[in-house]
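Comments concern the structure below.
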Amino acid sequence: MSGKPILHYFNGRGRMECIRWLLAAAGVEFEEKLIEKPEDLDKLKNDGSLLFQQVPMVEIDGMNLVQTRAILNYIATKYNLYGKDIKERVLIDMYSEGVADLGEMIILLPLCPAAEKDAKVTLIREKTTNRFLPAFENVLKSHGQDYLVGNKLSRADIHLVELLYYVEELDPSLLANFPLLKALKARVSNLPTVKKFLQPGSQRKPPTDEKKIEEARKVFKF
């Protein structure tokens, strides 16, 4: 056994990508056992590896962890990316949940029916520029520090920077009026562990396209 965490998911972003980002930022090497056909998923279900019969699942420290937030909390705690006390942790949780709210909309966009896609993109743009990014910009402005919480890198910064990359993929102009967020993105992206993850050939997954959607449909039967 290598001792590396093993990630069980299909070969796409989905709900595993934020886990990949967090492990990579923490400097943790991980392996992936890709779910490429329904039989792969059935095997995990039948051997008792999936508590709730669903992925993502991460094998780590002798445990089979499911539920994305639980996995992220464990990794963040283990690698000192979760604040120094209960007050910092609740802020990190609060900011991470805000990231997840907008991120969920973007993750699900490729599954949106074609007739509804334009309206959905318009809604995402509006929430991005009028609700979520202003909130994070104001947090950084309020304390003038390099990171969201405690002037130290936390899971909240990593999740937010991942989200900023997705926002830029949707429309680079959406970040134009948020200089502190652009600076945070540059700062985190230049950390050696993150910089390595952003390089071609890493375990970072590309944007979801029609081919990936079809692969996921076959595996998860939706």
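Look at A119 and say whether it is hydrophobic (A, V, I, L, M, F, W, C) and open to solvent by 50 Å² or more (accessible area, probe 1.4 Å).
Working: hydrophobic (A, V, I, L, M, F, W, C): yes; open to solvent by 50 Å² or more (accessible area, probe 1.4 Å): yes.
Yes; evaluated as a whole, the condition is true for this residue.
Against the definition (part of a loop (DSSP other than H, G, I, E, B), among the hydrophobic types (A, V, I, L, M, F, W, C) and touching a helix residue (DSSP H, G or I) at 6+ places or on another chain (Cβ under 7 Å)), how does V149 come out, yes or no?
Details: part of a loop (DSSP other than H, G, I, E, B): yes; among the hydrophobic types (A, V, I, L, M, F, W, C): yes; touching a helix residue (DSSP H, G or I) at 6+ places or on another chain (Cβ under 7 Å): yes.
So V149 passes the test.
Go through the residues of the range 152-165 one by one and say whether even a single one is modelled with pLDDT of 95 or more, among the small types (G, A, S), within 18 Å of L23 (Cα to Cα) and touching a helix residue (DSSP H, G or I) at 6+ places or on another chain (Cβ under 8 Å).
yes
Being open to solvent by less than 90 Å² (accessible area, probe 1.4 Å), more than 23 Å from T193 (Cβ to Cβ) and either assigned to a helix (DSSP H, G or I) or among the polar types (S, T, N, Q) (or both): is that true of L102 here? Spell out the reasoning first.
Values: open to solvent by less than 90 Å² (accessible area, probe 1.4 Å): yes; more than 23 Å from T193 (Cβ to Cβ): yes; either assigned to a helix (DSSP H, G or I) or among the polar types (S, T, N, Q) (or both): yes.
The answer is yes for L102.
Do we find that L133 is open to solvent by less than 50 Å² (accessible area, probe 1.4 Å), part of a helix (DSSP H, G or I) and not hydroxyl-bearing (S, T, Y) in this structure? Steps first, please.
Numbers: open to solvent by less than 50 Å² (accessible area, probe 1.4 Å): yes; part of a helix (DSSP H, G or I): yes; not hydroxyl-bearing (S, T, Y): yes.
So L133 passes the test.
Could you pull out the residue among K185, K141 that is charged (D, E, K, R), in contact with a helix residue (DSSP H, G or I) (Cβ under 9 Å, 6 or more places away or on another chain), assigned to a helix (DSSP H, G or I) and buried (at least 17 other Cβ atoms within 10 Å of the Cβ)?
Result of the check over K185, K141: K185.
So which residues in the range 11-35 are out of contact with any strand residue (DSSP E or B) (no Cβ under 7 Å at 6 or more places or on another chain), of a type in the set (D, E) and open to solvent by 50 Å² or more (accessible area, probe 1.4 Å), if there are any at all?
E29
Of the residues that make up the range 164-175, is at least one without any contact (Cβ under 8 Å) to a residue 40 or more places away in the chain, open to solvent by 20 Å² or more (accessible area, probe 1.4 Å), more than 17 Å from the chain's Cα centre (by Cα) and at negative phi? Before the answer, list the steps.
Quick first cut of the range 164-175, residues without any contact (Cβ under 8 Å) to a residue 40 or more places away in the chain only: 164-165, 168-169, 172-173.
Subset that is open to solvent by 20 Å² or more (accessible area, probe 1.4 Å): 165, 168-169, 172-173.
Remaining after also requiring more than 17 Å from the chain's Cα centre (by Cα): 172-173.
Those still in the list that are at negative phi too: 172-173.
There is at least one residue in the range 164-175 that is without any contact (Cβ under 8 Å) to a residue 40 or more places away in the chain, open to solvent by 20 Å² or more (accessible area, probe 1.4 Å), more than 17 Å from the chain's Cα centre (by Cα) and at negative phi.
Considering the range 41-85 alone, what residues qualify as being open to solvent by less than 50 Å² (accessible area, probe 1.4 Å), of a type in the set (S, T, Y) and in a loop (DSSP other than H, G, I, E, B)?
S49, Y82, listed by residue number.
The values are calculated or read from the model by the stated rules, or taken from the named source; none is laboratory data. Quantities reported herein were computed from a predicted structural model and do not represent experimental measurements. Positions of Cβ are backbone-derived with ideal geometry, glycine not excepted, and every protein chain shown enters the neighbour counts. The area values use the complete protein model at the heavy-atom level, side chains included, leaving out ligands, DNA and RNA. Shrake-Rupley method; radii C 1.70, N 1.55, O 1.52, S 1.80 Å.
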